[in-house]
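Step one of this worksheet: look at the structure below.
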Amino acid sequence: MRKTGLWMDRRTLLSAGTGAALVAALGGGAAVLRAMEPDLAGLADMTGDAAPISREERLSRIMRAQMLMKQAGIGAVLIEPGASMIYFTGVRWSRSERLTAAILPVEGECCIVTPFFEEPSVRQSLAVPAEVRVWQEDESPIALVAGFLRDRKLTAYPIGVEETARFFISNGLAQALPDTRLVSANPVVRGCRMIKAAPEIALMQKASDVTVAAYRWTHARVEKGMSPGDVGALMTAAMRKLGGSPEFALVLIGEAAAYPHGSSAPQRVTPGEIVLMDCGCTVHGYQSDISRTFVHGTATIEQRRVWDQVARGQQIANAAAQIDTPAGKVDDAVRQQYEAWGYGPGYRLPGTSHRTGHGIGMDGHEPVNLVHGETTLLAEGMCFSNEPGIYLPGKFGVRLEDCFHMTASGPNWFSVPPTSIDAPMG
């Protein structure tokens with residue numbers, strides 16, 4: 001579940017660092033963290049054996065991309081900085097008005113286009129053989145891209161543009177190469193990134209293991225009167241101490257849990273109230289996304305019923321997620337049962353107002369989604385969240401979220417869902 005509003009993005013968390021600065025960024029919790037410092041000291045890094053993506057793995061990705069380009073009749077693919085650039089080239093860079101781009105040709109080495117003064121920095125993370133073409137401040141980077149395509153004799157073929165690339169790039173390239181057709185690079189980029197290889201699965205498993213361990217540590221230390229910031233600070237500190245790079249720690253208490261992405265209303269942990277946590281971290285760039293819901297104190301009959309229904313919803317989704325099944329059918333299976341219980345219909349409330357799951361990998365949200373109408377067939381190596389939450393506006397909500405990857409025999413959990421509200425961390 002993508003977090004907005006109250007959650008902190010990765011850049012904020014990383015810039016905050018640890019200690020008082022981190023707590024300030026999270027909106028509170030300094031006293032709580034100070035009190036828990038001896039406990040935090042007992043946590044050990046779990047990621048020492050996690051292997052980063054190798055040069056050989058990235059070269060195999062480029063080979064697969066080139067195979068897919070040939071199948072689609074595409075001459076090259078243009079990619080901006082972000083997860084896809086890291087995925088293929090290792091280059092870790094930020095987008096700005098000064099274009100840095102990767103061009104993957106259908107044959108031969110790729111090309112990195114970047115400002116002259118940025119070349120040394122860009123080369124530091126470049127992990128594959130590549131030609132680097134630089135442009136000066138008074139030159140056009142788009143002209144440099146077009147020049148590379150002409151030199152490789154690729155302008156007679158359609159050129160794929162990665163779906164997150166900004167308009168000024170495709171517009172400029174269309175003007176520079178008026179006789180060249182620009183097309184979506186989805187058949188190539190999605191075709192590679194949607195199918196995770198074993199090294200990627202291993203890193204996602206490690207990120208999930210870190211998050212589960214942090215949940216168990218944090219849950220035992222949630223106390224009456226704590227704010228969402230207090231609880232989130234504990235979870236973030238635990239994920240960091242266990243070796244993960246914290247991405248988000250959303251905490252919703254009581255009625256706020258009825259709104260999937262939170263509420264600005266004041267919240268405090270109170271006996272008998274729902275606490276919904278949605279948290280994740282990365283390990284070598286690969287993400288986890290896990291939600292847990294529990295009651296501080298004794299749960300009511302209604303809270304238990306809804307919690308059990310969501311747990312059942314996860315299992316229905318898991319059973320429906322089989323090889324060659326359209327992704328949308330997973331969402332349909334859950335919603336059919338929920339409607340039989342009186343929720344909905346469809347995405348109406350009370351019930352489940354969001355999709356059953358989303359793709360996940362280097363980005364917290366990746367194509368495709370487990371949502372009604374999605375026709376993409378599930379295939380081995382695809383990874384998804386499974387989070388069919390139920391929300392009762394004005395009362396509370398329950399979300400249990402665990403991710404899985406598709407194997408030849410069906411889905412395999414990264415984190416095992418809990419089965420009882422009395423043991424919410426499993």
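The values are calculated or read from the model by the stated rules, or taken from the named source; none is laboratory data. Everything numeric here is computed off the predicted structure, so don't read it as measured data. As a convention, Cβ positions derive from the backbone with ideal geometry for all residues, glycine included, and neighbour counts pool all protein chains shown.
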Among the residues of the range 379-398, what is the count of those that are among the hydrophobic types (A, V, I, L, M, F, W, C), in contact with a Leu (Cβ under 8 Å, 6 or more places away or on another chain) and either assigned to a loop (DSSP other than H, G, I, E, B) or not assigned by TED's automatic domain parsing to the domain that holds residue 208 (or both)?
0
Count of residues meeting criterion [closer than 18 Å to residue 359 by Cα and polar (S, T, N, Q)] in the range 319-349
2
Does residue 53 satisfy being under 16 Å from residue 285 (Cβ atoms), out of contact with any Cys (no Cβ under 7 Å at 6 or more places or on another chain), part of a loop (DSSP other than H, G, I, E, B) and of a type in the set (A, V, I, L, M, F, W, C)?
yes
Does residue 74 qualify as being more than 19 Å from residue 53 (Cβ to Cβ) and buried (at least 23 other Cβ atoms within 10 Å of the Cβ)?
yes
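Among 202, 220, which is the only one that is assigned by TED's automatic domain parsing to the domain that holds residue 274, surrounded by fewer than 18 Cβ atoms within 10 Å (Cβ to Cβ) and within 23 Å of residue 358 (Cα to Cα)?
From the options 202, 220, the qualifying one is 202.
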Please find, among 309, 337, 303, the residue that is over 27 Å from residue 211 (Cβ atoms), over 22 Å from the mean Cα position of the chain (by Cα), in a helix (DSSP H, G or I) and touching a residue at least 12 places away in the same chain (Cβ under 8 Å).
337
Given the conditions (1) closer than 16 Å to residue 77 by Cβ; (2) assigned to a loop (DSSP other than H, G, I, E, B), which single one is not true for residue 191?
(2)
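Yes or no, residue by residue, for (1) assigned to a strand (DSSP E or B); (2) surrounded by fewer than 24 Cβ atoms within 10 Å (Cβ to Cβ); (3) β-branched (Val, Ile, Thr):
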residue	(1), (2), (3)
235	no, no, no
239	no, no, no
260	no, yes, no
265	no, yes, no
271	no, yes, no
276	yes, no, no
